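The values are calculated or read from the model by the stated rules, or taken from the named source; none is laboratory data. What you are looking at is a predicted structure, and each value in this text was computed from that prediction instead of being measured. Here the Cβ is made from the backbone with ideal geometry for all residues, glycine too, and neighbour counts use every protein chain on show.
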Amino acid sequence: MAKQGTLLVVDDNKNILTSLQYLLGEHFTRVITSITPVILPTALPMEKPDVVLLDMNFSSGLNTGNEGLYWLREIKRLRPQTQVVLFTAYADINLAVTGLKEGATDFVVKPWDNAKLVQTLKEAYEKSKPNSKKTGKAVRPPENDKEMYWGNSPAIRPLHLTVERVSATDATILITGENGTGKDMLAHEVHRLSGRAEGPFVSVDMGAVVESLFESELFGHVKGAFTDAHADRPGRFEAADGGTLFLDEIANLPVYLQPKLLTAIQRRSFVKVGSNVSQPTNIRLICATNRNLEDMVRQGTFREDLLYRINTIRLHIPPLRERKDDILPLAERFLKLYAAQYGRNVSGISDKARDRLLAHPWYGNIRELQHTLEKAVILCDDEELQASNLELSATVAPAATKSFAAPHTPVQTLDEMEKDLVKRAVDQCEGNLSQAAATLGITRQTLYNKMKRYGI
């Protein structure tokens, strides 16, 4: 096959560049090499490479992969049609997965297989052609894949029936369940089935709201209310008017701010920061938490009257380990979704992989399963997902689970258990906060807040 296309290889190892020059020169019309990525802003418009093979680490002593992600974003910004293949060590796989989400076409692991490398780069070149039906950009999941998957397990059926009954009303709903069970998706489902479906759905992660900006975030502010208030700004209550307001992780709201929220809920009105005018709001309120609010009331960390206000209807989502019948259908659903999203030719799950999925405890629930399948699809080179692709280690039960199972262990408070769990996750992920947040089933910002709260 005739040589075609321009390839730019960026790697800080001169020996690697020399080897790849000889190897890839047999397959591409032009192979340009560079020991530093700083040439990219100049090289991209001048050389117009079809494909860039990009190393993920350049600075001595740094192995975070963040440099590679930065230059990936720059390439896609400066020349979106250029396909980027990440060149990474095995330890950087998680970062490579992040890179795929941000626009990389594929990745190759060092030490590389020559045939696999050539094949991957040729496929990337084909995607760079203007008439190619494939692109290096991740495909947005179809809208119907965002709908709630109920499953058929006995544990989920009562919840399904209750949701169908209460969704048509405007009753305030409290959703409870462990991290990763799908509380946000259930909130979306209630909104979709309600008479407010055409209205806005506004979500607020209460764990990520800066305490000093709480009122401004929820109720908005007027121009001149404080130093940086250069214009009027609507809050979340106003934005959700005519629709649904979803307050996620409601238990993370500090007790001294809870009366402000309670007043707005009771009066169905709010006052913007810097204003004296009360503004009515027409919302359906849904809250969610993974904590026991009754225990928090007894401890004085959550107001009893606020609990009554948000707890008109309680919907509890059972953990995935109590929904064994739903594990494989969910896995197949995620397999299909990510195979399409990342252009992988994976269409089935092997028997051993199925057994592995069923045997795993899934303490991270559906979010853990989804993350596992996404990563497995990306790593799989076969048409059938193998057990080795799942990368499931022996999972230790969260601290809360262990403490209740051991009667001779001194009882910890919920805060103590949460602190231990957060610290253990950060330690196990060797300080990688994005990975630790994913393991815990929370956002990175929420993890920051919890670390600050517990002095970790």
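Could you go through the stretch 206-223 and let me know if any residue there is within 30 Å of R321 (Cα to Cα), modelled with pLDDT of 85 or more and not assigned by TED's automatic domain parsing to the domain that holds K450. Yes, because at least one residue in the stretch 206-223 is within 30 Å of R321 (Cα to Cα), modelled with pLDDT of 85 or more and not assigned by TED's automatic domain parsing to the domain that holds K450.
Here L306 meets the list (1) more than 20 Å from N94 (Cβ to Cβ); (2) surrounded by 20 or more Cβ atoms within 10 Å (Cβ to Cβ); (3) within 21 Å of the chain's Cα centre (by Cα) almost entirely, failing just condition (3).
Which ones in the stretch 95-110 are assigned to a helix (DSSP H, G or I) and within 15 Å of V10 (Cβ to Cβ)?
Just the residues of the stretch 95-110 that are assigned to a helix (DSSP H, G or I), to begin with: 95-101.
Listed by number, the list holds a single entry, G99.
Give L358, L385 a once-over and let me know the one that is aliphatic (A, V, I, L, M) and surrounded by 17 or more Cβ atoms within 10 Å (Cβ to Cβ).
Working: L358 fails: surrounded by 17 or more Cβ atoms within 10 Å (Cβ to Cβ).
Among L358, L385, only L385 is aliphatic (A, V, I, L, M) and surrounded by 17 or more Cβ atoms within 10 Å (Cβ to Cβ).
Looking across F28, F87, one residue alone is surrounded by 14 or more Cβ atoms within 10 Å (Cβ to Cβ), part of a loop (DSSP other than H, G, I, E, B) and at pLDDT 85 or above. It is F28. All conditions but one from (1) closer than 16 Å to T244 by Cβ; (2) crowded, with 20+ Cβ neighbours inside 10 Å apply to E178; the one that does not is (1).
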